[in-house]
1. Say each of Lys12 and Asp44 gets a label point 7 Å from the Cα, pointing the same way as Cα to Cβ; how far apart are those two points in nm?
2. Kirkwood Rh and Cα-based Rg: tell me the resulting Rg over Rh for the chain, rounded to two decimals.
3. Picking from Val17, Trp39, Leu50, whose Cα lies most toward the positive end of the charge dipole for the chain (charges on Cβ: Lys, Arg +1; Asp, Glu -1)?
4. For Ile25, Ile56, give the ranking by accessible area with the largest first, probe 1.4 Å.
5. How large a share of the accessible area of the chain, in percent, is made up of carbon and sulfur atoms when the probe is 1.4 Å and the other protein chains stay in place?
6. Rolling a 1.4 Å sphere over the protein heavy atoms, what is the accessible area per residue of the chain, to the nearest Å²?
7. How big is the accessible area of Leu43 in square angstrom, nearest 10, if you roll a 1.4 angstrom probe over the protein chains?
8. What size of dipole, in debye to the nearest 20, comes out for the chain about its Cα centre when the only charges are +1 on Lys and Arg C-beta atoms and -1 on Asp and Glu C-beta atoms?
Amino acid sequence: MDSGERQLSKTKSQLVVEKTLQKQIEKASDYNTLHVEFWDRLLDLVWQALHDEKTIKTKDGE
């Protein structure tokens, strides 16, 4: 293997590593985005439940 082939192989390896890292970053970002969206939805549902007279009961159960 001459120096040109070694350099090409090294460049390919670097590109593979960069692409792999980018995919991992995208996956983590997607997960975090989904988590935040679910959390926001949960908070909305809790807020609605707390302000809905049909779901609120007094300490006497009324």
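1. Here the modelled spin labels are 4.9 nm apart.
2. Rg/Rh: 1.61.
3. Val17
4. The ranking, largest first, comes out as Ile25, Ile56.
5. Carbon-and-sulfur percentage of accessible area, whole number: 58.
6. I get 100 Å² per residue for this part.
7. 80 Å²
8. 460 debye
The values are calculated or read from the model by the stated rules, or taken from the named source; none is laboratory data. Since the structure is predicted, the reported quantities are computational estimates derived from the model, not experimental observations. When we count neighbours, we look across all protein chains shown, and the Cβ atoms used for this are built from the backbone with ideal geometry, even at glycine. Heavy atoms of the whole protein, side chains included, go into the accessibility calculation; ligands, DNA and RNA do not. Shrake-Rupley method; radii C 1.70, N 1.55, O 1.52, S 1.80 Å.
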